[in-house]
């Protein structure tokens, strides 16, 4: 049988076998790239950072960081700014959008919310993190039960402001509790929106102090942060990243004992977290 002794050309269909050292080198380079990208999430002081700052945060050599940043410019994963600083670019944003597009939609969330709403005769909501400007929340789906948004007693302007702010309600704090510290600082630069009730945590110190408590407990409770209403919320997580929150709203006079509401809201949020992460365990609401 004829055998071609000519050197084989490396192609996607005919890759050259990697040596152990080549695989190790490639893996190490990939790890370094991920460290540099992650640094933009973890570093304080805004979206733009220089190679020296990133090198100090990651423990990498500054020349290595510089080469990684430069290599990401053609694909727009990184954008170079004045003053030898860089920020994440539209290439990185496209990756995030692609990941979010393939998470469950309302056809998946609505049955979970309907069951929660019916079990507690309350309004159940799914909030999703929005990065627009600074971290906010968007009402992605809700099951009103016998209530509707008009029952909250807010004007249209107040409703938009209150429902987008992370400063109002346990659903906002549940999300903030799982954000990187630099993003929490950004949240605190915003004002308490008009329409917030007397129970809102106005002081930044009180807001910050509540976050580790929420992380440890796995839920948050708020009373009168919208006047006349109490709320219970639990995080929806995608791995270790915050996706949003599920919350339950009910008139304060009808939600004096929150134990049952906490149990069911946490169960609903855990269920949806599994669905977001690709799991399929049955929803246990009891």
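Just a few scattered comments:
- Residue within the stretch 59-81 that is at positive phi and either in a strand (DSSP E or B) or surrounded by fewer than 13 Cβ atoms within 10 Å (Cβ to Cβ) (or both) present: yes
- Screening residue 230 with (1) in contact with a strand residue (DSSP E or B) (Cβ under 9 Å, 6 or more places away or on another chain); (2) within 10 Å of residue 177 (Cβ to Cβ) gives one miss only, at (2).
- Selection status of residue 182, in contact (Cβ under 8 Å) with a residue 60 or more places away in the chain and over 25 Å from residue 110 (Cα atoms): yes
- Check on residue 145, surrounded by 14 or more Cβ atoms within 10 Å (Cβ to Cβ), at pLDDT 95 or above, over 16 Å from the mean Cα position of the chain (by Cα) and not in a helix (DSSP H, G or I): no
- Yes/no for residue 237 being in contact with a strand residue (DSSP E or B) (Cβ under 8 Å, 6 or more places away or on another chain) and either assigned by TED's automatic domain parsing to the domain that holds residue 123 or over 23 Å from residue 202 (Cβ atoms) (or both): yes
- Out of 79, 64, 112, sole residue that is in contact with a helix residue (DSSP H, G or I) (Cβ under 7 Å, 6 or more places away or on another chain) and assigned by TED's automatic domain parsing to the domain that holds residue 28: 64
- Residues of the stretch 92-116 that turn out to be touching a residue at least 60 places away in the same chain (Cβ under 8 Å) and in contact with a strand residue (DSSP E or B) (Cβ under 8 Å, 6 or more places away or on another chain), as a count: 5
- The single condition among (1) crowded, with 17+ Cβ neighbours inside 10 Å; (2) at pLDDT 95 or above that residue 121 does not satisfy is (1).
- Residue count for the stretch 82-128 under the criterion of being farther than 23 Å from residue 166 by Cα and in a loop (DSSP other than H, G, I, E, B): the result is 6.
- Residues that are modelled with pLDDT of 95 or more and either at positive phi or touching a strand residue (DSSP E or B) at 6+ places or on another chain (Cβ under 6 Å) (or both) within the stretch 262-280 comprise 262, 265, 266, 268, 269, listed in sequence order.
- Only listed residue being surrounded by 10 or more Cβ atoms within 10 Å (Cβ to Cβ) and either modelled with pLDDT of 55 or more or over 27 Å from residue 86 (Cβ atoms) (or both), chosen from 15, 47: 47
- Pairing each residue of the stretch 192-215 that is outside the structural domain of residue 176 (by TED's automatic domain parsing) with any residue that is modelled with pLDDT under 95 and outside any helix (DSSP H, G or I), provided the two are 6+ apart or on different chains, yields no C-beta distance under 8 Å.
The values are calculated or read from the model by the stated rules, or taken from the named source; none is laboratory data. Fair warning: this is a prediction, and the values are worked out from it, not measured in the lab. Because the Cβ atoms are built from the backbone with ideal geometry, glycine has one as well, and the counts that use them run over all protein chains shown.
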